[in-house]
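Notes to accompany the following structure.
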Amino acid sequence: MSALRLKGIPAAPGYAIGRAWVLDRETRGSVERRSVADVAAELERLDRAVSAAKADIRGLIDEVRRRLGAEEAEIFEAHLLLLEDEEFIGRARTRVAEQSRNAESALHETAEEIAGTLESMDDDYMKERAADIRDVGRRLIGHLTGADGNRSVRPAGPLVLIAGDLTPSETVRFQGTAAGFATAAGGRTAHAAILARALGLPAVVGIGERVLAVENGSVVVVDGTTGELLANPSPDELERYRELQARYEQRRRRLLPYRNLPSVTADGASVELAANIGSPLDAEAAADNGAEGVGLFRTEFLYMQHDALPGEDEQFEAYKSVALRFHGRPVVVRTLDVGGDKELKALPLPKEDNPFLGVRAIRLCLNRKDLFRTQLRALLRASVYGTIKIMFPMIATLAEWREARALLDAAAGELRREGVPVPDRLEAGIMVEVPSAAVLADLFAKEVDFFSIGTNDLVQYVMAADRMNPELARLNDPFHPAVLRLIRGVVEAARREGKRVGMCGEMAGNPLAVPLLLGLGLDEFSMSAGSILPVRALISRLNRSEMSRLAEEALKLDDPDAIRSLILRAVPGLADPD
């Protein structure tokens, strides 16, 4: 049988080799519809399934929180909320009651109806939540039928899962069973991809429907580093990937000594390697991986894990615990970044046609000053226990920055009048993710204390390209000269005013981008905890002055691929560090 090589989106690094286990889309998606004579009994049956599913999910939340951290567990907290959602469970109950039909078919039809609506939206976040709806629906149907929802034959030996998409529950359930996975749909920010990275499962997503043609039981390789899936490799290809897999694991073990070393280049230039976290529990993993601070503390988790908005004291305790964990090292806390694409049950917001360009982040906070004031007071109180810095997201104008800074100062004055200790002055900066902020960096630099570049949104806004659409991957490219020139402008504007510049987007942890960013003069790189040691090892063998000359050459080029090639030629071994 001839080899088949398919390209997708690299979602989790590493190499997985095994027999393809193709999850049967037909049997996972089909449910028999039957009429029932006793509607009341059928509704009781549905209620029992909901109760059983809640118990399942609570156990899963505890397991994921223990193994991976609070941020990953929040994925399943949202599943609990779905089981109490009248729009979902209530609609299924109505179908049972009004149509005298079995609960399985009512649930399946309801889940597909809601998931289909989400998938039809332009918003990536909402599209990816369709997998969560189907996840909960399948769990409920499984309790009703006693089936696992997949009847395709499971091959022997190491397995690689192949599916149209994987739900979060499936991703966690198959860890230990599967060596990796590949899916037709999905993107790097899908819940399955986030969990794959946390679990250390190599994964490629967004391959397209062709991946479903891979024969069940055939030998496949998942290359989570390049985003490729190879089916039926030749003996020579298979041996090459086995060598890459072994070297990848050896490299992971060799990185451990870098955990307690400073982040210093070969010519003695110091930078800061920080972690992106989503909860106090994540701070432990970050510290264990040698983080020199927190470059991005996403505070949304406090708001997403409860039905009610968190109060000042609850937030204070969370921020305080992270500040204490890092013993005076900087902790950059991003103020609430919800609205539009991130819905809160406790904060109903009007629907928007284009939520990524809507009332979100700082725009929402300036509209809801009561909400903002509570968070600012909690942060100010916690800041006496460490070095907390406050970062405002989605800043587009100087007026927004000034209003946010004034509200921070007003909250500090209010606390002082109440006799509550707060710092004389708390550092505050902005997340550069809106192109206008990058263009006006010279003006912002005169007022802000620091910048942090959020490349995930910046790239898609600069290029007007949805970062979750695989057909636009050529445009959604952080190495595009337009993006790099904006980054250079931000760094140069900050340097003229003596201000620091960090980066907290995916690009900061990309080994191919690190030499370039080092040469552009970045002060801080903030990334997922698992990326810190590889980046520290890389930085230790780079010469900053040489990387500065590399950056100058790169910015003369007009093509992202040419820039990548230049970097690979300038840094021997970068493509294959081992």
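The values are calculated or read from the model by the stated rules, or taken from the named source; none is laboratory data. Nothing here was measured: the structure is a model prediction, and the numbers come from that model. Cβ sites come from the backbone with ideal geometry, for glycine too, and all protein chains shown count toward neighbours.
Data for the structure
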read-out: Test: residue in the stretch 255-265 that is at pLDDT 95 or above and not small (Gly, Ala, Ser); value: yes
read-out: Residue within the stretch 233-246 that is part of a strand (DSSP E or B), buried (at least 19 other Cβ atoms within 10 Å of the Cβ) and touching a Phe, Trp or Tyr at 6+ places or on another chain (Cβ under 8 Å) present; value: no
read-out: Residue count for the stretch 533-578, restricted to those that are part of a helix (DSSP H, G or I), out of contact with any His (no Cβ under 8 Å at 6 or more places or on another chain), farther than 30 Å from Ser279 by Cα and not acidic (Asp, Glu); value: 17
read-out: Test result for Ala346, modelled with pLDDT under 80 and at negative phi; value: yes
read-out: Check on Leu161, modelled with pLDDT under 80, farther than 30 Å from Asn102 by Cα and surrounded by 20 or more Cβ atoms within 10 Å (Cβ to Cβ); value: no
read-out: Exclusive hit being in a loop (DSSP other than H, G, I, E, B), outside the structural domain of Ala53 (by TED's automatic domain parsing) and charged (D, E, K, R), set Glu170, Glu215; value: Glu215
read-out: Lone qualifier among Leu144, Leu118 - being modelled with pLDDT of 85 or more and in a helix (DSSP H, G or I); value: Leu144
read-out: Options Leu516, Leu520, Leu557, Leu550: the member that is crowded, with 21+ Cβ neighbours inside 10 Å, closer than 17 Å to Pro481 by Cβ, in the same structural domain as Ile277 (by TED's automatic domain parsing) and more than 29 Å from the chain's Cα centre (by Cα); value: Leu550
read-out: Entirely in the stretch 3-82, the helices (runs of 4 or more DSSP H) that have 3 or more residues that are at pLDDT 80 or above; value: 39-67, 70-82
read-out: Helices (runs of 4 or more DSSP H) within the stretch 272-336 that include 1 or more residues hydroxyl-bearing (Ser, Thr, Tyr) and either within 27 Å of Glu400 (Cα to Cα) or modelled with pLDDT of 90 or more (or both); value: 300-304, 312-325
read-out: Test: residue in the stretch 226-233 that is touching a residue at least 24 places away in the same chain (Cβ under 8 Å), closer than 28 Å to Glu74 by Cα and not hydroxyl-bearing (Ser, Thr, Tyr); value: yes
